[in-house]
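*Asks:* Structure incoming, see below.
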Amino acid sequence: MSAQASSSRRAVEEDDIQGLLRFGYRKLTQASFLLMRVRNAASARAWLATCPVGSARELSPPPRTVLQVAISCPGLRALGMREDAVQGFSREFIAGMSSDDSRSRRLGDLGANAPRHWQWGGRPDAVPHVLLMLYAVPGELDALQRQVLDQCAPGFTLAACLDTSDMDGVEPFGFVDGISQPGLDWQRQRPARDRQVLDYSNLSCLGEFLLGYPNEYGEYTDRPLLQHERDPAGILPRAEESPQLADLGRNGSYLVLRQLRQDVGGFWRFVDAAAGGDPARREQLASAMVGRGRDGLPLVDDAGASIEGERDPINSFTFDEDPRGERCPIGAHIRRSNPRNADLPAGGRGPVSKLIRTLGFDAQALALDRVSSTRFHRLLRRGREYGDGLTMEQALAGETGGDHGTGLHFICLGASIARQFEFVQGAWIAGTHFGGLHDESDPLLGTRLPGPDGVRTDGFSIPSEGGCDVRLSGLPQFVQVMGGAYFFLPGIRALRFIAKEQ
Ligand code: HEM
């Protein structure tokens with residue numbers, strides 16, 4: 001059930017939102033993610049009823065340690081949530097990441113990525129129930145982790161502990177990460193109604209990331225709404241568009257966690273061979289695959305252009321002036337994961353141009369209009385690196401790093417797993433038809449397995465201005481999925497409600 005955005009907008013309840021959504025806690029450089037299973041529901045609920053969860057309210061001084069809590073669908077059931085409330089969550093959350101072959105195929109979880117090979121989360125009966133995310137300043141994580149594990153021991157068993165490493169903002173292949181993030185409209189200034197947007201904007205309606213607020217369609221994303229008798233103590237906020245209903249979703253978000261192991265040696269050896277051992281060419285090819293240099297600078301040259309909601313000059317650009325991908329290949333990782341387009345293909349500002357583009361009479365513009373409008377598919381990324389870092393030089397010298405591998409505990413937040421994570425991962429990253437390309441997938445993340453029609457997917461096209469286009473082939477798989485699950489990051493009042501409900 002979706003309702004048109006109500007005109008009675010309330011102020012944002014910062015105290016009720018888990019802080020990860022707003023802050024990302026980048027300054028708390030130490031983190032660990034604990035995957036828990038409920039062993040005693042009453043004790044688990046008792047701990048969740050009072051555990052100290054950090055909120056989105058700004059504190060001065062900022063906290064030195066923070067706990068965040070997310071719950072999977074099997075977790076809600078294990079905690080005793082009634083089935084009618086569970087059924088209010090989205091279908092993909094209820095089903096889970098590893099639930100069926102069709103979902104695995106769409107997400108590219110095939111071959112070495114298949115759930116049966118995962119270290120955790122691969123079997124529906126072994127999905128973690130609760131994800132505890134611990135953040136701390138250097139030196140304080142161990143004590144926090146011991147304390148949390150002690151306190152929740154009566155209710156939970158620890159299924160796995162995902163350690164993270166502080167790589168100083170650089171992901172294991174060696175590229176600066178975490179640069180581009182959507183800006184959230186905390187002031188609620190964006191009009192809450194569907195309207196055509198002609199310019200790429202970095203500002204997103206709150207409802208794209210927080211349940212209970214209008215999204216970019218001007219609608220409230222479906223979420224569990226309960227009759228108020230179910231919440232006699234008034235723990236839950238009331239639904240903005242239907243104040244007679246208790247809103248179990250409001251101020252919550254869905255959280256996707258995927259453990260992605262990176263083959264740093266394989267990546268740099270492949271790029272080096274393709275560059276014929278030429279260091280400058282090697283750098284160029286690797287940057288083309290990502291869409292940014294290792295220092296984070298974008299490859300298109302309109303960086304610094306004015307983009308609504310974006311203040312960082314190295315993230316203020318679109319691909320409008322690079323339609324063939326001669327600066328930044330169309331298949332580059334950042335161009336696939338955020339094509340930075342608006343609802344209509346780019347063009348002049350006047351009403352005539354708009355009409356021509358709306359009616360599809362501008363053949364050139366139409367040719368560019370090959371991917372869906374970006375604003376419905378943004379992700380708020382909150383992942384952390386893990387393992388021992390390996391520099392490009394070490395990787396090329398044949399060093400392998402630690403035994404447990406290195407990679408990304410990829411985390412993203414959004415109000416719709418299907419429209420945000422699953423769409424970006426499935427259609428744009430794993431998909432072999434993207435923006436006019438038809439036999440390649442994401443150069444970092446692709447599985448390289450042949451498509452259903454046997455077509456190869458291990459290429460990467462680099463169009464060239466004036467010269468010959470370059471086509472790399474035989475890309476190996478550089479990233480392997482090691483585990484994953486879908487969670488709900490509840491509002492803090494919703495967490496307390498879940499802890500009470502029987
Ligand atoms: C090990 C796996 C991955 C690596 C090494 C990686 C690396 C990077 C790098 C270096 C950037 C550019 C820096 C930045 O803008 O923050 C980036 C951006 C991005 N990545 Fe990934 N990424 C990985 C997995 C994923 C996955 C699984 C998704 C989504 C399903 C994803 C979505 C994005 C998005 C949305 C951006 C921002 C694009 C933009 O707005 O310009 N990445 N990634």
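*Asks:* I'd like to check something: does the range 272-281 contain any residue that is of a type outside the set (A, V, I, L, M, F, W, C) and buried (at least 20 other Cβ atoms within 10 Å of the Cβ)?
*Replies:* Within the range 272-281 (the criterion being of a type outside the set (A, V, I, L, M, F, W, C) and buried (at least 20 other Cβ atoms within 10 Å of the Cβ)), the answer is no, since none of the residues qualifies.
*Asks:* Quick one: in the range 175-212, of everything that is more than 9 Å from the ligand (Cβ to nearest atom) and small (Gly, Ala, Ser), which residue is farthest from Gln420 (Cα to Cα)?
*Replies:* Result: Ala192.
Every residue, every condition in (1) open to solvent by less than 30 Å² (accessible area, probe 1.4 Å); (2) touching a residue at least 60 places away in the same chain (Cβ under 8 Å), yes or no:
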position	(1), (2)
Arg26	no, yes
Glu83	no, no
Ala95	no, no
Ser98	yes, yes
Ser102	no, no
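*Asks:* Within the range 417-439, count every residue that is assigned to a strand (DSSP E or B) and without any contact (Cβ under 8 Å) to a residue 24 or more places away in the chain.
*Replies:* Residues flagged as assigned to a strand (DSSP E or B) and without any contact (Cβ under 8 Å) to a residue 24 or more places away in the chain within the range 417-439 amount to 0.
*Asks:* Out of all the residues in the range 189-196, is one or more among the polar types (S, T, N, Q), without any contact (Cβ under 8 Å) to a residue 40 or more places away in the chain and over 30 Å from Ala286 (Cα atoms)?
*Replies:* yes
*Asks:* Could you grab me the full set of residues in the range 443-484 that are touching a His at 6+ places or on another chain (Cβ under 9 Å) and closer than 22 Å to Asp272 by Cβ?
*Replies:* Those that are touching a His at 6+ places or on another chain (Cβ under 9 Å) and closer than 22 Å to Asp272 by Cβ: Pro443, Leu444, Leu445, Gln480.
*Asks:* May I pose another question? So, Glu229, is that one part of a loop (DSSP other than H, G, I, E, B) and of a type in the set (Asp, Glu) or not?
*Replies:* No.
*Asks:* Regarding Met133, is this residue hydrophobic (A, V, I, L, M, F, W, C) and part of a loop (DSSP other than H, G, I, E, B)?
*Replies:* no
*Asks:* Got a number for residues in the range 133-173 being within 16 Å of the ligand (Cβ to nearest atom), surrounded by 20 or more Cβ atoms within 10 Å (Cβ to Cβ) and of a type outside the set (S, T, N, Q)?
*Replies:* Total meeting the criteria: 4.
*Asks:* Scan the range 390-416 and report the pairs whose first residue is free of Cβ contacts under 8 Å to residues at least 60 places away in the same chain and not assigned by TED's automatic domain parsing to the domain that holds Gln119 and whose second residue is more than 16 Å from the ligand (Cβ to nearest atom) and of a type outside the set (D, E, K, R), with Cβ atoms within less than 6 Å and a gap of 6+ or a chain change.
*Replies:* Listed by first residue and then by second, the contacts come to nothing, as the list is empty.
*Asks:* Restricting attention to the range 288-308, and to residues there that are surrounded by fewer than 21 Cβ atoms within 10 Å (Cβ to Cβ) and modelled with pLDDT of 95 or more, which single residue is nearest to the ligand (Cβ to nearest atom)?
*Replies:* Gly296
*Asks:* Might you check whether a residue that is touching a strand residue (DSSP E or B) at 6+ places or on another chain (Cβ under 9 Å) and more than 12 Å from the ligand (Cβ to nearest atom) occurs anywhere in the range 426-434?
*Replies:* yes
The values are calculated or read from the model by the stated rules, or taken from the named source; none is laboratory data. Just so you know, these numbers come straight off a predicted model, no measurement behind them. Note that we place each Cβ from the backbone using ideal geometry, even for glycine, and neighbour counts take in every protein chain shown. Quick note on the areas: whole protein, heavy atoms, side chains included, nothing else; ligands and nucleic acids left out. Shrake-Rupley method; radii C 1.70, N 1.55, O 1.52, S 1.80 Å.
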